[in-house]
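Contents: one structure, followed by commentary.
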Amino acid sequence: MNWKIELSKLIEKSGYSHIEIYARTNIPVATISNMSNKRHKYLTCEQFILFKLLFEETYQALLDNLFGKEAFSKVKTVEKDGELTKMGSYFTDKYKYEVFPKKKLVDCTDIKSSRIDYLFTNSFENIRIDEITKLELASGEKIGSFSKLFFSHVQLNSEKEYERLLKEQRQKNNQANERRKKTEK
């Protein structure tokens with residue numbers, strides 16, 4: 001199953017125009033256009049959550065619609081080598097001792113080691129939905145739990161903000177159309 005095709009279908013079936021989706025979600029119109037045309041490279045967790053809210057889908061249902069029910073079936077849970085002792089907890093807290101090696105996480109998720117380093121030490125805001133889902137499964141967590149933990153602030157715009165952004169975008173579109181008409185003459 002190709003998530004780009006499925007997302008394009010969902011956008012088309014939704015009945016929302018691209019500027020309406022932008023006004024509700026703050027996802028740029030150009031990005032939405034790329035998604036509709038299946039040219040968007042990856043779907044971030046934040047974008048996924050915004051579409052989940054916009055389309056009023058459950059987390060699992062949207063994940064299944066985009067990726068298929070078996071998409072993450074090959075992700076294995078990282079085997080823990082046992083409970084930490086008091087000393088193990090001390091070294092984990094004080095010196096960032098690894099409870100399970102990153103290599104195990106890479107093997108279980110097929111996420112590159114350098115990508116895991118980037119997500120864990122630099123910035124996780126642009127994590128893709130497939131990556132966060134793999135990390136949840138490998139950690140033995142419930143699907144959607146990391147999204148709730150790290151992206152609980154993500155929400156659709158208020159009705160007032162929606163109306164303001166919609167009006168603004170329509171004005172920009174009208175101005176662009178006027179400029180095009182002038183250059184065509």
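Any read-out appearing in this document is the output of simple, stated calculations on the displayed coordinates, not a laboratory observation. Everything quoted here is computed from the prediction, not taken from an experiment. Neighbour counts are summed over all protein chains in view; Cβ atoms, including those assigned to glycine, are modelled from backbone coordinates with ideal geometry.
Measuring between alpha carbons in the structure, the pairs from Lys76/Lys96; Lys4/Lys182; Lys13/Lys80 lying more than 32 angstrom apart are Lys4/Lys182; Lys13/Lys80. Multiplying the residue separation of Thr58 and Arg170 by 0.36 nm and removing their Cα-Cα distance gives an extension gain of 37.2 nm. With all projection directions averaged, the alpha carbon convex hull of the stretch 86-150 covers 4.9 nm².
Rounded if a/c is under 1.5, else prolate if a/b beats b/c, else oblate: with a ≥ b ≥ c from the C-alpha gyration tensor eigenvalues square-rooted, which is the stretch 35-136? Taking the square roots of the gyration eigenvalues as a ≥ b ≥ c, the stretch 35-136 is prolate. Only the Cβ atoms of Lys and Arg (+1) and of Asp and Glu (-1) were treated as charged; on that basis the dipole of the chain about its Cα centre amounts to roughly 840 debye. Once the Cβ-Cβ distance of Arg179 and Asn26 is raised to the sixth power relative to R0 = 22 Å, the FRET efficiency obtained is 0.30. Structure remark: mean-square fluctuation, Gaussian network model of the chain, C-alpha springs under 10 Å; the largest value among Gly88, Gly140, Gly68 belongs to Gly88. If you run the Gaussian network model on the chain, springs between alpha carbon atoms under 10 Å, then out of Asp130, Asp117, Asp107 the most flexible one is Asp117.
The distance from the alpha carbon centre of the stretch 130-165 to that of the stretch 43-77 is 10 Å, rounded to a whole number.
Charge dipole of the stretch 86-150 (Cα centre as origin; +1 on each Lys and Arg Cβ, -1 on each Asp and Glu Cβ, all else neutral): 200 debye, rounded to the nearest 20. Highest mean packing first, where packing is the average number of other Cβ atoms within 10 Å per residue, the peptides 36-49, 150-163, 6-19 line up as 36-49, 6-19, 150-163. Using a simple spin-label model with pseudo-atoms 7 Å out from Cα toward Cβ, Asn126 and Lys41 lie 0.7 nm apart. Under the simplified labelling scheme, the Met87-Glu163 pair shows an inter-label distance of 6.7 nm, with each label point 7 Å from Cα along Cα→Cβ. Residues within the reach of a label modelled at Asn2 (point 7 angstrom out along Cα to beta-carbon, backbone nitrogen below 12 Å), restricted to the stretch 44-69: there are none.
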